Amino acid sequence: MSTPTLSSTTTADVEELARLARWVRATSLRVIVAAATGHPAAELSAADILSVLYGAVLNVNAEEPHAPGRDRFVCSKSHASAALYSVLCARGFLGEDELFSYGQAGSRLCTAVSNRLPGVEFSTGALGHGLPFATGCAIAAKLDRSPRRVIVMTGDGELQEGSNWEAAMLAASRGLDNLTLVIDRNRVQKGASTEEINALEPLREKWGAFGWATRDVDGHDHRALLDVFNATPFESGRPSCVIAATVKGRGVSFMENQLEWHGKRLEPRELQLALAQIEAGG
């Protein structure tokens with residue numbers, strides 16, 4: 001599966017986004033197998049969200065990674081680091097050779113998302129820090145009178161960290177309609193479901209009570225994701241929250257909704273089976 005070619009003008013259509021998502025799924029699994037570390041099922045649930053954002057939404061350019069007017073994307077869900085690096089590779093922020101240095105000593109590609117790599121705004125890994133940082137970025141954009149957008153993706157288990165809710169209150173009180181939160185709502189975290197460990201529901205109502213304009217979306221439907229991102233801000237003067245319903249391990253039958261694949265190592269035979277299913281469009 002060759003590396004997709006994407007322009008810097010974010011004009012990919014839905015078919016191109018689907019191809020990109022398959023490549024991100026396959027490549028992120030190959031990368032974490034080569035590194036003998038990673039979170040395979042978490043990479044797969046986030047692949048479509050990342051592919052739509054980088055393929056058709058975010059104003060970012062590998063030739064000017066620090067351009068003041070760029071959009072800011074914060075991947076607070078650090079378990080999806082290989083998927084993030086893979087989509088950044090497709091956008092030209094790094095080469096495929098460097099991509100496979102993931103997790104090696106001296107590499108810019110830490111297994112937790114690292115801003116050693118241009119194109120990564122903020123190092124994450126201590127869960128619950130991405131939304132507070134993104135809130136600060138959105139406040140800065142307002143002070144600068146800049147049209148740049150700030151988008152942050154969290155895992156759903158990550159929302160059990162209280163720092164998210166402190167940031168949620170601040171973002172609403174400041175009227176940060178330039179801020180969008182995307183929740184990868186796969187309902188599974190390490191060891192059990194989110195609802196067994198510390199229930200999040202009713203999640204949409206909670207974000208609404210904190211002052212956010214909130215919508216649900218199928219997190220694997222590229223057209224629906226594109227439409228919902230293009231509709232932000234949902235309301236003037238309110239931050240936007242997208243609750244993206246996903247399947248942990250999406251696209252690989254033996255991983256889907258299986259708890260053990262949160263951090264289980266893929267064996268070579270399993271990798272080949274997974275790649276075949278992804279190639280087939282699973």
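The values are calculated or read from the model by the stated rules, or taken from the named source; none is laboratory data. Because the structure is predicted, anything quoted here is derived from the model rather than measured. Ideal geometry is used to build each Cβ from the backbone, glycine not excepted, and the neighbour counts take in all protein chains shown. The area values use the complete protein model at the heavy-atom level, side chains included, leaving out ligands, DNA and RNA. Shrake-Rupley method; radii C 1.70, N 1.55, O 1.52, S 1.80 Å.
Brief remarks follow.
- Rg and Dmax of the chain, based on Cα coordinates, read 17.4, 53 Å.
- Cross-link pairs beyond the 19 Å C-alpha cut-off, checked among LYS77/LYS248; LYS190/LYS264; LYS142/LYS206: LYS142/LYS206
- Helix axis angle, 81-90 relative to the chain longest principal axis, alpha carbon, degrees: 90 degrees
- Only DSSP H runs of four or more residues enter the estimate; each adds -39500 (n - 2.57), and after division by the residues of the chain the mean residue ellipticity at 222 nm equals -11500 deg cm²/dmol.
- Tilt relative to the chain, helix 162-173 - C-alpha long axis, 0 to 90 degrees, to 10: 40 degrees
- Sequence ranges 107-113, 240-246, ranked by mean other-Cβ count within 10 angstrom, highest first: 240-246, 107-113
- Residue order for GLU96, GLU270 - accessible surface, 1.4 angstrom probe, largest first: GLU96, GLU270
- Degrees separating the helix 268-279 axis from the principal Cα axis of the chain, which is the longest one: 60 degrees
- Solvent-accessible surface (1.4 Å probe) assigned to HIS129 amounts to roughly 90 Å².
- Difference of contour (0.36 nm per residue) and Cα-Cα distance, ASN257 to ASN115: 48.1 nm
- Given +1 at the Cβ of Lys and Arg, -1 at the Cβ of Asp and Glu and no other charges, the dipole of the range 153-223 around its Cα centre is 160 debye to the nearest 20.
- Distances between placed amide hydrogens fall under 5 Å for VAL74 paired with ILE151, VAL152, MET153, all partners being 5 or more residues away or on another chain.
- The distance separating the Cα centre of the range 218-242 from that of the range 4-81 comes to 17 Å.
- Taking all protein chains as shown and a probe of 1.4 angstrom, ARG187 keeps an accessible surface of around 110 Å².
- Computed from phi, the 3J(HN,Hα) profile of the range 68-78 under the Karplus parametrisation 6.51, -1.76, 1.60 (θ = phi - 60°) reads x, x, 5, 5, 10, 10, 10, 8, 6, 6, 6 Hz, with x in place of Gly and Pro.
- The listed peptides 274-280, 176-182, ordered by packing as a protection proxy, come out as 176-182, 274-280 (highest mean of other Cβ atoms within 10 Å first).
- Extension gain for ASP144 to VAL14 (0.36 nm times residue separation, less C-alpha to C-alpha distance): 43.4 nm.
- Against the criterion of solvent-accessible heavy-atom surface with a 1.4 angstrom probe, SER193, SER86 sort, most first, into SER193, SER86.
- Alpha-carbon centroids, the range 168-217 and the range 126-160: separation in whole Å: 13 Å
- The range 1-154 - Rg and Dmax from Cα coordinates, angstrom: 14.6, 45
- From the largest down, the range 127-282 spans 53, 32, 24 angstrom on the principal axes of its Cα atoms.
- Separation of the GLU235 and ARG269 label points, Cα + 7 Å toward Cβ, nm: 5.5 nm
- Beta bridges per DSSP with both ends in the chain, % antiparallel, nearest 5: 10 percent
- Given charges at beta-carbon only (K, R positive; D, E negative), |dipole| of the range 21-169 in Debye: 220 debye
- Size of charge dipole - the range 138-282 - debye, nearest 20, with Cβ of Lys, Arg +1 and Asp, Glu -1, no other charges: 460 debye
- Area of ARG22 that stays accessible when all protein chains are in place (1.4 Å probe, Å², to 10): 70 Å²
- Accessible solvent surface per residue of the chain, calculated while the other protein chains remain in place, 1.4 angstrom probe, Å²: 41 Å²
- Inter-probe distance in nm under a simple model that places probes 7 Å from Cα toward Cβ, at HIS66 and GLU201: 4.7 nm
- Amide H contacts of VAL188: THR194, each under 5 Å away and 5 or more positions distant or on a separate chain (H built 1.01 Å from N in the peptide plane; Pro and chain starts excluded).
- On the chain, 48 percent of the accessible area sits on carbon and sulfur atoms, based on a 1.4 Å probe.
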